[in-house]
Amino acid sequence: MNDLKTDRPQPDRRDGPGSLSFTTVPPAATAPNKTTASGRAVTAIATTSRQRPLRELLRPLHPPLKRVKWLVVGTIVAGWAKFFLPLVVPWATGRIIDRVLDSSAGLNPTQQNQELWWIAGVLVLAMLGIGVASYYRHTLVMRTIAVVQHDLRRRLFHHIQRLSMAFFQRHQSGALGARVASDINYAGSLFDRGIVQYAMDLVFFVGASAILLALNWQLTLVAYGVLALNGWAIWRYVPRIRVQQKAVQESQSSITGKASEIFAGITMVKAHAGERESGQEFMERSALMRDLQVGNAHFQGVFQGYSFALLTASTAVVLWVGAWLIINQPGDPARGIPPALTKGDLVAFLLYLGSINGTIQRMIEGIVALQDGMAALDRIADMLEVLPSPPEHPEPIEPPISGQIAFVDVTFGYGEKPVLRDFSYTFAAGRTYALVGTSGSGKSTLCQLMLRFYDPGAGSILVDGHDLKRIRQQWYRSHVAVVLQDPVMFSTSVRDNIDFATENATQAQVEAAARAAQAHDFILALPQGYNTRLGERGVNLSGGQRQRVAIARALMRDPRLLILDEATAALDTVTERAIQDVVDRLRSTRTVVIIAHRLSTIRNVDEILVMDHGRLVEHGSYADLMAKEGHFARLAANQLATGEE
């Protein structure tokens, strides 16, 4: 199933298994499907066919903007000063031409010099004001952008973390990282180049237009008659530019995700001499993005070329009409009829018009640049509309948790086909259990339901008598810990890895957990002991060392339920025995559930559950199950025959 959004907007955006998709490719933005040299079909990634209205797009910006509204006001006021103060120059130019340089003004040399020095003083004050306004315009807007981006980044990151495991299984981590990083940066530019810039430009446009009307209404009508044609271009091209910019951003996320995936698996890539194939996959995605960018550049070029040509045309037409008015309507001083236009007024008008054209040009360029921000906000809105799954109960409870979990007639599947069927069993608090069975029998699925990564399709799960759906997820998971076959290590210190998600942990507590996991001695032997920074995914530790750090991290939480998901399957016998000793010492202190591959490692557990095709077919102690000569005995015999014991 394609995990990119269906054509129609979905009323329920909960990210349950197989339900989320982000984009379709509308005809205007579709790049042709490409069959690459490797034989793979690569299709352009674009946006949903539904164009969100501007008000809906800007909704994610409302909360942060409310918190910095006075910074926004200060930025806009400083921007107005920065834009309006330079209008003193056209005024001074026209005044100098008509009153100082034109002899018909009737000023003597002394008066001309006085006028000139007065104008110079006004210009100096204006320039000082421009410097101060420019400083505050820049610093206030950058401060505001930083606050807005931080708020959006925090909100988006927190939201993504709350989405379901099904969501993360369908989306590359690198692509999600691009949403948190590059999309937020693009959205920040929307604030500077959009909200603030347009608030300043529009007021400047209105003010400068009033000045033009006061100078000469005929020339103003001529100039704006030409400029009005830009409105058609904006209406015609801008929505399509936004669609294409979103397609480019989706493609960029795809590239980031693929690169992250390849680099994370670089050991396998090198071991299999797969640089050529992985490089080919990356280049195919990069080539698709190149094609989208080239097509988008052509489209933007047409829009900007048309718009800027109209700006030049407006100046040329005004110059011609203004010269015609000066020549053909000079006025009659003797009869008290003023000229239709003076030379100074024409020069001042052209300078004012140049300022307005500069503003319009900046707005046109901004419209193109803003589509990155609009597309990013569209992508952020896509993400924020995805509802967390499983959902939190509207009135969650926080009961005491001892570790008892009861499955009552539970049926569950990731798609239409059930993985668990009518499963019922009660895991008593403080006992140790093992889940065994062939691949696909439902062992890991059972543990994911224990963690409430998913809700059952039918039946219920009770924790100490309370429906798991009613318990606050954060509260419940704070009493649960899991150790995976390939444990996750963060590129921080050993201590930070052990006390992850444990508040106010002391060094003594960290060391106690490490001793319990038999990790203390090898940690002290590291270059900086507990402060040694681990490489990405803990590459500077052996497999057994990573497992013991992971167990220490689990014990730091003092969990009531500890899940070991084939935690020793990939380890050597000596290391596996050491970790088994750790697990054995945990018996009777908490509920322990072990997913086991090698059956010889679970001889000491209290109860073994044998799974087959999603059903519980046997359960009992190791000795009892071997005596029954049923499913478990056959699994043990097969392992013994193949030398896996």
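Since every read-out is calculated from the coordinates, none of them should be taken as a lab result. All values reported here derive from a predicted model rather than from experimental measurement. Quick reminder, even Gly has a Cβ in these numbers, built from the backbone with ideal geometry, and neighbours come from all protein chains shown.
Multiplying the residue separation of Asp581 and Thr315 by 0.36 nm and removing their Cα-Cα distance gives an extension gain of 87.1 nm.
Between amide H atoms placed 1.01 Å from N, distances below 5 Å from Ser493 occur with Leu534, all of them 5 or more places distant or on a separate chain. Using θ = phi - 60° in the Karplus curve 6.51 cos²θ - 1.76 cosθ + 1.60, the 3J(HN,Hα) couplings for the stretch 542-558 round to 6, x, x, 5, 4, 5, 5, 5, 5, 5, 4, 4, 5, 5, 4, 7, 6 Hz; x is entered for Gly and Pro. The Cα atoms of the stretch 430-540 give a gyration tensor whose axes a ≥ b ≥ c have a/c of 1.5 or more with a/b greater than b/c, which makes the shape prolate.
Evaluate E = 1/(1 + (r/R0)^6) for Val124 and Asp102, where r is the Cβ-Cβ distance and R0 equals 25 Å; express this FRET efficiency to the nearest 0.05. Don't skip to the end; give the middle numbers.
Details: r = 24 Å, r/R0 = 0.96.
Computed FRET efficiency for Val124 and Asp102: 0.55.
Between Arg59 and Arg162, what FRET efficiency follows from the Cβ-Cβ distance if R0 is 25 Å, with the result rounded to 0.05? According to the calculation, E is roughly 0.85. Averaging 1/r across all pairs of distinct Cα atoms in the stretch 476-552 and inverting the result yields a Kirkwood radius of 12.4 Å. Under 12 Å from a label point 7 Å along Cα→Cβ of Ala458: give me every residue in the stretch 392-422 with its amide N that close. Under 12 Å, as judged by backbone N against the label point of Ala458, lie 409-413, 418-422 of the stretch 392-422. If you take all other residues with their beta carbon under 15 Å from the beta carbon of Gly129, and give Lys and Arg +1 and Asp and Glu -1, the sum is +2. Relative to its residue count, the stretch 315-474 spans a Cα convex hull of 249 Å³ per residue.
Normalised by 2.2 N^0.38 Å, where N is the number of residues, the C-alpha radius of gyration of the stretch 100-164 stands at 2.45. Fully extending the segment from Ser134 to Arg154 would add 4.2 nm, taking 0.36 nm per residue of separation and subtracting the current Cα-Cα distance.
Neighbours of Pro396 by Cβ distance under 13 Å: Lys/Arg scored +1, Asp/Glu scored -1, total +1. According to the Kirkwood relation over distinct C-alpha pairs, the hydrodynamic radius of the stretch 597-645 is 11.0 Å.
With the simple spin-label model, which puts each label point 7 Å out from Cα in the Cβ direction, the Arg236 to Arg472 separation comes to 5.9 nm. If R0 is taken as 25 Å, the Cβ-Cβ distance between Ala323 and Glu115 corresponds to a FRET efficiency of 0.40.
The modelled label-to-label distance between Lys66 and Arg276, using points 7 Å beyond Cα along the C-beta direction, is 6.0 nm.
One way to sum up the overall shape of the stretch 106-210 is the equivalent ellipsoid from its Cα gyration tensor, whose semi-axes run 53, 13, 9 Å, largest first. Length available on full extension from Arg515 to Ser588: 0.36 nm per residue minus the Cα-Cα distance, which gives 24.4 nm.
In this label model, Arg362 and Ser621 are separated by 8.4 nm, measuring between points 7 Å along each Cα→Cβ vector.
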